[in-house]
Amino acid sequence: MIRGVKLPKFKSISKNKRIGFYNKPKFVYIPLISGNDEDITITVKKGDYVYKGSVIGRRKGNFKIPINSSVSGTVVDYTQKVYSNGKKVKCVVIENDFKEKEEIKPVINKKISKYTKQEFIKTIKDCGVVGMSGNGDPTYLKYNTENKINTLIVNCTECSAYATSDYVLLVEKCEEILETVDALLEINEIDKAIIAVKKNDTELLNILNSFIGTYLKIKIVTVPDIYPIGWEKYLVKYVLGINYNVSSIEKGVVVNNVSTIYSIYEALKYNKPLCERIITFTGDGIKKPQNVYVKVGTPIMEIINKIGKTSNDIKIIVGEPMMGKYIESEDIIATTDISCVIILKQLPQYDETECIRCGKCTKYCPVKISPVLIKDSKNNKEKLNKLNVDKCINCGLCSYICPARIDLRSIIEKVRDN
């Protein structure tokens with residue numbers, strides 16, 4: 001049985017607006033972090049001129065992947081800015097010359113399905129393509145396997161109550177995304193692709209059905225409108241009836257979301273590094289909620305000010321209400337793993353009361369752990385070792401469902417990190 005709840009929807013605020021563009025920040029702050037790895041080799045120094053797409057840093061270790069500049073201009077400094085996880089990280093500061101110069105002129109590859117697998121792996125690795133949600137791990141790792149890949153699942157569920165960045169991207173670029181999915185099947189000799197869409201998302205289903213045409217190996221599968229159906233393990237279980245331990249590739253399955261598929265398209269089609277993305281800016285704290293195409297390293301407050309605030313005292317949630325983080329600092333920057341920024345006039349206030357031992361947090365937990373027992377045992381390491389704290393996916397469902405309004409998610413997060 002798939003556990004989950006139906007969340008209230010605020011997607012209509014932004015989903016039917018055209019994509020906006022904010023492409024002229026005076027400075028960008030490129031974070032020297034890849035996934036959660038801050039062990040980065042810096043390849044530029046102050047005074048260097050860099051092109052759009054230039055490599056300014058590279059991840060060390062086994063999963064080497066470049067970090068690219070999102071503008072052309074001059075490296076002027078190093079500083080600390082707030083990353084999507086709420087922590088400050090070292091950044092390369094680049095002064096934008098607004099010329100969008102590229103060191104190598106892009107070559108348009110008409111047939112993106114003609115790559116060999118080795119060429120494909122190298123291209124998406126060199127272009128710095130990473131998962132554009134979750135931990136932001138290098139995408140090439142999912143395909144660089146000796147295991148037979150049987151199924152590619154394209155995750156179009158976009159579980160957040162607010163985010164519509166994947167939705168608008170699929171609406172605007174449906175042909176390109178289907179072309180990419182088809183190419184991925186051919187290059188990697190994958191048997192089939194499944195596009196997973198929520199069953200009540202009729203607009204998206206109509207658009208996909210109008211384009212899917214002769215793509216015989218691609219089919220659409222509808223899934224329930226519950227949270228967190230977009231969690232990879234849930235999605236694989238619901239769509240294919242398969243369980244796995246650590247990675248879906250154990251069972252011959254690869255899962256990518258829409259934004260990641262489109263970044264693969266740009267890498268294969270134009271050899272374009274991943275240095276821009278679409279982010280949903282929404283909530284009652286801004287005048288014109290919309291999806292905005294932004295450069296990595298752009299200050300989030302700069303974009304919010306451009307759109308227009310409804311109040312001087314706003315609250316910023318990076319991510320989505322269930323899993324996102326409230327960021328007090330104005331130093332937060334746009335990164336590849338941020339799909340949504342919620343701007344509110346004020347944060348919801350809840351009065352926490354005593355636990356009533358109802359068991360709802362355990363009943364609804366996707367990974368079948370017991371948040372209330374973890375709370376009760378937070379100072380007892382021996383008991384915690386038996387409660388599988390590390391299995392928590394930080395979905396926030398326990399806090400959401402709790403009638404006593406106990407912030408169980410934060411308690412578990414602190415226990416897990418200590």
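The values are calculated or read from the model by the stated rules, or taken from the named source; none is laboratory data. Just so it is clear, the model here is predicted, and its values are computed rather than measured. A quick note on method: Cβ atoms are made from the backbone with ideal geometry, for glycine too, and the neighbour counts reach across all protein chains shown.
Summary table below
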item: Region 111-147, residues that are in contact with a Phe, Trp or Tyr (Cβ under 9 Å, 6 or more places away or on another chain) and basic (K, R); result: K117, K122, K125
item: First in region 373-390 and touching a residue at least 24 places away in the same chain (Cβ under 8 Å), second anywhere and in a helix (DSSP H, G or I) and not β-branched (V, I, T), Cβ under 7 Å, 6 or more apart; result: I374/L384; K375/L408; V389/R416; D390/R416
item: Residue in region 75-90 that is surrounded by the most Cβ atoms within 10 Å (Cβ to Cβ), counting only those that are within 20 Å of Y22 (Cα to Cα) and in contact with a Gly (Cβ under 9 Å, 6 or more places away or on another chain); result: S84
item: Lone qualifier among T139, T79, T157, T164 - being farther than 30 Å from L204 by Cα and modelled with pLDDT of 95 or more; result: T79
item: Selection status of V71, of a type in the set (A, V, I, L, M), farther than 24 Å from I278 by Cα and surrounded by 15 or more Cβ atoms within 10 Å (Cβ to Cβ); result: no
item: Test for N209: is it surrounded by fewer than 20 Cβ atoms within 10 Å (Cβ to Cβ), of a type in the set (S, T, N, Q) and either in contact (Cβ under 8 Å) with a residue 40 or more places away in the chain or part of a helix (DSSP H, G or I) (or both); result: yes
item: Candidate set: region 285-317, residues that are over 19 Å from the mean Cα position of the chain (by Cα), of a type in the set (A, V, I, L, M) and over 11 Å from I333 (Cα atoms); chosen: the one surrounded by the most Cβ atoms within 10 Å (Cβ to Cβ); result: I286
item: Residue list for region 1-40, filter: closer than 30 Å to I393 by Cα and of a type in the set (S, T, N, Q); result: S12, S14, S34, N36
item: Residue match in region 296-303 (condition: at positive phi and at pLDDT 95 or above); result: yes
item: Residue in region 18-32 that is in contact (Cβ under 8 Å) with a residue 60 or more places away in the chain, more than 21 Å from the chain's Cα centre (by Cα) and closer than 21 Å to T280 by Cα present; result: yes
item: Matching option when the condition is buried (at least 19 other Cβ atoms within 10 Å of the Cβ) and not aromatic (F, W, Y), among T362, T335; result: T335
item: Checklist (1) out of contact with any helix residue (DSSP H, G or I) (no Cβ under 7 Å at 6 or more places or on another chain); (2) under 30 Å from V107 (Cα atoms); (3) in contact (Cβ under 8 Å) with a residue 12 or more places away in the chain applied to Y262, failing item; result: (1)
item: E158 over 16 Å from the mean Cα position of the chain (by Cα) and either in contact (Cβ under 8 Å) with a residue 60 or more places away in the chain or more than 17 Å from G319 (Cβ to Cβ) (or both); result: no
item: Extreme residue, nearest to M322 (Cα to Cα), among residues of region 128-141 that are touching a helix residue (DSSP H, G or I) at 6+ places or on another chain (Cβ under 6 Å) and surrounded by fewer than 24 Cβ atoms within 10 Å (Cβ to Cβ); result: G131
item: Residue in region 340-354 that is farthest from I314 (Cα to Cα), counting only those that are modelled with pLDDT under 90 and under 25 Å from the mean Cα position of the chain (by Cα); result: P348
item: Residue that is surrounded by the fewest Cβ atoms within 10 Å (Cβ to Cβ), among those in region 254-284 that are among the acidic types (D, E) and not in a helix (DSSP H, G or I); result: D284
item: Subset of region 390-402 [in contact with a Ser or Thr (Cβ under 9 Å, 6 or more places away or on another chain) and surrounded by fewer than 18 Cβ atoms within 10 Å (Cβ to Cβ)]; result: none
item: Of all residues making up region 145-170, the number that are assigned to a loop (DSSP other than H, G, I, E, B) and of a type in the set (F, W, Y); result: 1
item: Unique match (being outside the structural domain of N96 (by TED's automatic domain parsing) and either in a helix (DSSP H, G or I) or at pLDDT 95 or above (or both)) among V246, V239; result: V239
item: Residue tally, condition hydrophobic (A, V, I, L, M, F, W, C), at pLDDT 95 or above and not in a strand (DSSP E or B), over region 90-136; result: 7
item: Region 51-71, residues that are closer than 13 Å to D97 by Cα and in contact with a strand residue (DSSP E or B) (Cβ under 6 Å, 6 or more places away or on another chain); result: S69, S70, V71
item: Among (1) closer than 30 Å to Q118 by Cβ; (2) without any contact (Cβ under 8 Å) to a residue 60 or more places away in the chain; (3) among the hydrophobic types (A, V, I, L, M, F, W, C), the one test that V171 misses; result: (1)
